[in-house]
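Structure first, then comments.
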């Protein structure tokens, strides 16, 4: 079963976190270590981090399909910061990985406790009979 | 002299994989390393044979290459550990003089299947290891079939092997006492491999079709080794009878086509008759199990030229047996559909009411999909639409979701007309 774990931690208007070097390094090491752990367990499908919200554009089709781009709206509370796609045996395992991501170290090494949205990825239909 | 590479060569190569692995694993008494060495030999064959032709003795060629890797690896390991040179020398002579090629055991494929489908492994790792060690597929092919990166799949396989090593399983057939339970695990893994390919057989994922073919091939080789086991024959029959309908199962836009709407002229008659023959002979052995019963149900469907010719009383009787032999909520659900076809939809609705309190199924989309279908049969379209939509919201399959949403939309249009 494949799941996507979405980390919605960024806020519009906020740029890069201004943490001390030590805390930043701990955070980066945690994220790299997590990816490696999921690769080692044979569960990682993909993991991507996204650029900061000030790089984002909102696109709509104008007349004749010409793209109309706009900046992102400051009222948007949260932005997707990154995601993991994992292939696991049970939903409980996906929740456990999400809890681990959530507790990534932030300022002063304290767990960030970010909300991580976990959703099943649509797949092929299940067998007709058991 | 060498033989030119053609379409059957790949098949030959895959058939050889478990034989080669058996011989090498037994010789070096190390399944984990032998499996890696054979994979390397297979990859070497896949690159060299199409260009240079198939060697006279393909099995010997693969054993040679794999053994060389094993010896190289052992030698460097010994050097690293700085053991006495005497051991290294001994090993070298042994590898040259002992003719592994003549060491053939017809049980090797069977031993490997029992090992790779060991109950200590999770289903997904057992599937991956079986496809590589017994099926002779490369890691890249397996990764492709399951839509995960190759490195992830390689890791999954390597962990599976470590688990086997840790559980202390010997390279031998399970004991008589263990056999029945271990056989169940093997059949389950083969069934999962088949289903993985069958259920996702949409045009955009053509390579996944290989998995159902691979499931059939592995089950067939198991049936050849143990022809008297009726459940192995039953599983092979079930696969053939199900796979026979594949071309009719999806429409032009890859939408799911239910059994009663399928173009039956697209069904594969050859597969149906082979499946039916296998089943008939399995049933005559008298030990009826769940795979034979499911195959029997598939056979009844397959023998009806038109949906209205389906022998539903027969299917109902088979589901009643299946409920007794292997009770589970999915069987209850399918039994209810058969009962509705024989005794009318209210009988079906009455039967599925029992599942509302079954925590394994009460929240499952399938219960709602079936209830929607039965309510539609009673003419209660409004409630049917409601249940089709709940089911559509809960399934994790896009083709299934499209199908259920379309069912609801079709009824909604009918009620407003």
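The values are calculated or read from the model by the stated rules, or taken from the named source; none is laboratory data. Just so it is clear, the structure is predicted and the values come from calculations on it, not from any experiment. Note that we place each Cβ from the backbone using ideal geometry, even for glycine, and neighbour counts take in every protein chain shown.
Looking across segment B:167-198, the residues that are free of Cβ contacts under 8 Å to residues at least 40 places away in the same chain and in a helix (DSSP H, G or I) come down to B:176, B:177, B:178, B:179, B:180, B:184, B:195.
Only a single item in (1) surrounded by 10 or more Cβ atoms within 10 Å (Cβ to Cβ); (2) not in a strand (DSSP E or B) is not met by residue A:68, and it is number (2). Within segment B:120-147, the residues that satisfy the criterion of being closer than 22 Å to residue A:3 by Cα, modelled with pLDDT of 90 or more and in a loop (DSSP other than H, G, I, E, B) are B:121, B:122. Annotation: of all residues in segment A:70-93 being touching a strand residue (DSSP E or B) at 6+ places or on another chain (Cβ under 8 Å) and modelled with pLDDT under 85, the one that is nearest to residue A:39 (Cα to Cα) is A:79.
Filtering segment B:391-417 to residues that are over 13 Å from residue B:368 (Cα atoms) and in contact with a strand residue (DSSP E or B) (Cβ under 9 Å, 6 or more places away or on another chain) leaves B:396, B:397, B:398, B:399, B:402, B:403.
In segment A:103-110 there is no residue that is in contact (Cβ under 8 Å) with a residue 24 or more places away in the chain, within 14 Å of chain B (Cβ to nearest Cβ), closer than 30 Å to residue B:152 by Cα and not in a strand (DSSP E or B). Residues in segment A:76-102 that are without any contact (Cβ under 8 Å) to a residue 24 or more places away in the chain and more than 14 Å from chain B (Cβ to nearest Cβ) were compared, and the one that is farthest from residue A:120 (Cα to Cα) is A:102. Applying a threshold of 7 Å to beta carbon distances and a minimum spacing of six or more residues, or different chains, the list of pairs starting in segment B:376-404 at a residue that is at the interface with chain A (Cβ under 10 Å from one of its Cβ atoms) and ending at one that is surrounded by fewer than 20 Cβ atoms within 10 Å (Cβ to Cβ) and part of a helix (DSSP H, G or I) reads B:395/B:401.
One residue stands out in segment A:30-48 among those that are surrounded by fewer than 13 Cβ atoms within 10 Å (Cβ to Cβ) and either within 14 Å of another protein chain (Cβ to nearest Cβ) or touching a helix residue (DSSP H, G or I) at 6+ places or on another chain (Cβ under 8 Å) (or both): the one that is nearest to residue A:80 (Cα to Cα), namely A:48.
Within segment B:364-396, the set of residues being over 32 Å from the mean Cα position of the chain (by Cα) and surrounded by 20 or more Cβ atoms within 10 Å (Cβ to Cβ) comprises B:375, B:376, B:384, B:385. Restricted to segment B:242-361, the set of helices (runs of 4 or more DSSP H) holding at least 3 residues that are surrounded by 14 or more Cβ atoms within 10 Å (Cβ to Cβ) and in contact (Cβ under 8 Å) with a residue 40 or more places away in the chain comprises B:269-283, B:290-303. The set of residues in segment B:261-293 being within 14 Å of another protein chain (Cβ to nearest Cβ) and either more than 19 Å from the chain's Cα centre (by Cα) or closer than 12 Å to residue B:236 by Cβ (or both) consists of B:262, B:291, B:292. Of the candidates B:133, B:160, B:145, the single residue that is crowded, with 24+ Cβ neighbours inside 10 Å, within 18 Å of the chain's Cα centre (by Cα) and within 11 Å of chain A (Cβ to nearest Cβ) is B:160.
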